[in-house]
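Q: Sharing a structure, written as structure tokens. Questions coming.
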Amino acid sequence: MSSDVHRLIEGLRSRAHDPARRRDEVAVPLEWLEGMYGADVVDRALFLSYLDDGLVAYLPSGAEEASAYYSDASRGPLHPPVPVAEWEQAEAAIGRRLPELLRRVYTEVGDGGFGPDYGLHPLAELVEIHWKEREAGDLPPTWLQLVACGCATAWYVALDEAAESPVVQYEDDGRGFDRGIVHTTLPLHAWLHAWTVSE
């Protein structure tokens, strides 16, 4: 399995270090897009939004236009990998060992900012969100939120099944955990692998 994990880490690194591919949706300034590709480019956008610098179009990860816009951007993680000592402090704060694969992702690829939907949370946020949710008592204490998806939906890894570390998608409908919508998906390694090949 170690060669599989090595390939997975390399696949994650390849996407995480490329600003045109590090998330499922890539923001590109609309003015630049229209200047390069014409006004019809708006039809290819997933959606438009205002950011600090003006109107941006969100394109699918790896889209030709996004790759062109980011062609001169530096390659590397959005946030550098965390030191192993920092990872161990986070585990102590959470009160349990986290999946070994997750440790490798954070200590070898980067401290979040890449991955499905809005990308993995930075490590400090993982700990903060975990404790907030634990204190609220709304979710199982063995769930660790990895990624926010928007619309009260998030991806979690279930820590009580360390061998497989299943990933769970939970949608909070406002009526409590028992009534929320839960989908158990793939084990952590398969979930991450699926993202590396999803373009």
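The values are calculated or read from the model by the stated rules, or taken from the named source; none is laboratory data. None of the values given here were measured: they were computed from a predicted structure. No Cβ is skipped: glycine too gets one built from the backbone with ideal geometry, and neighbour counts run over all protein chains shown. Each accessible area value is taken on the protein alone, full model and side chains, heavy atoms only, with ligands, DNA and RNA left out. Shrake-Rupley method; radii C 1.70, N 1.55, O 1.52, S 1.80 Å.
Q: If you build the Cα gyration tensor of the chain and take the root of 5 times each eigenvalue, what three semi-axes come out, in whole angstrom, biggest first? Could the numbers behind the result be given before it?
A: Details: eigenvalues 192, 85, 45 Å².
The answer is 31, 21, 15 Å, longest axis first.
Q: While we're on this one: Go through F47, F114 and list them by solvent-accessible area, largest first, probe radius 1.4 Å.
A: Values: F47 85, F114 5 Å².
From most accessible down to least: F47, F114.
Q: Moving on. How high is the FRET efficiency between A93 and W32 when r is their beta carbon distance and R₀ equals 25 Å, given to the nearest 0.05? Before the final figure, lay out each step's value.
A: Details: r = 42 Å, r/R0 = 1.67.
Efficiency computed from Cβ-Cβ geometry: 0.05.
Q: For region 1-142, what relative contact order do you get, as a whole percent, if you take Cα pairs closer than 8 Å and at least 6 residues apart?
A: Details: 183 pairs, mean separation 37.3, N = 142.
With pairs under 8 Å counted, the relative contact order is 26 percent.
Q: Measure out, as a whole number of angstrom, how far apart the alpha-carbon centroids of region 89-153 and region 40-79 sit.
A: 26 Å
Q: Accessible area per residue of region 35-152 at 1.4 Å probe, in Å²? Kindly include the intermediate steps, with their values, before the conclusion.
A: On the way: 6280 Å² over 118 residues.
Per-residue accessible area for region 35-152 comes out at 53 Å².
Q: At a 1.4 Å probe, what is the % contribution of carbon and sulfur to the accessible area of region 62-169? Before the final figure, lay out the partial values.
A: Working: 2600 of 5060 Å².
Reported share for carbon and sulfur atoms: 51 percent.
Q: Please list log₁₀ I(q)/I(0) at q = 0.22, 0.24, 0.29 Å⁻¹ for region 93-147, using the Debye equation with identical point scatterers on the alpha-carbon positions.
A: -0.88, -1.01, -1.27
Q: So how much accessible area does D117 have, in Å² to the nearest 10, using a 1.4 Å probe?
A: 50 Å²
Q: For every helix of n ≥ 4 consecutive DSSP H residues, a contribution of -39,500 (n - 2.57) applies; sum these over the chain, divide by its total residues, and give [θ] at 222 nm rounded to the nearest 500 deg cm²/dmol.
A: Values: 7 runs with 68 residues, N = 199.
Theoretical 222 nm ellipticity from helices: -10000 deg cm²/dmol.
Q: Evaluate the distance, in nm, between pseudo-label points positioned 7 Å from the Cα of A190 and of S3 along their respective Cα→Cβ axes.
A: Between A190 and S3, the simple spin-label model gives 2.2 nm.
Q: Let me ask something additional. Of D52, D160, D40, which is the most mobile in a GNM of the chain whose springs link Cα atoms less than 10 angstrom apart?
A: Among D52, D160, D40, the largest mean-square fluctuation in the Gaussian network model of the chain belongs to D52.
Q: Ok, one more. Name the residue, out of R22, R96, R13, whose mean-square fluctuation peaks in a Gaussian network model built on the chain with Cα pairs under 10 Å.
A: Judging by the Gaussian network model, the answer is R96.
Q: Accessible area of H17, 1.4 Å probe, to the nearest 10 Å²?
A: Taking all protein chains as shown, H17 has close to 40 Å².
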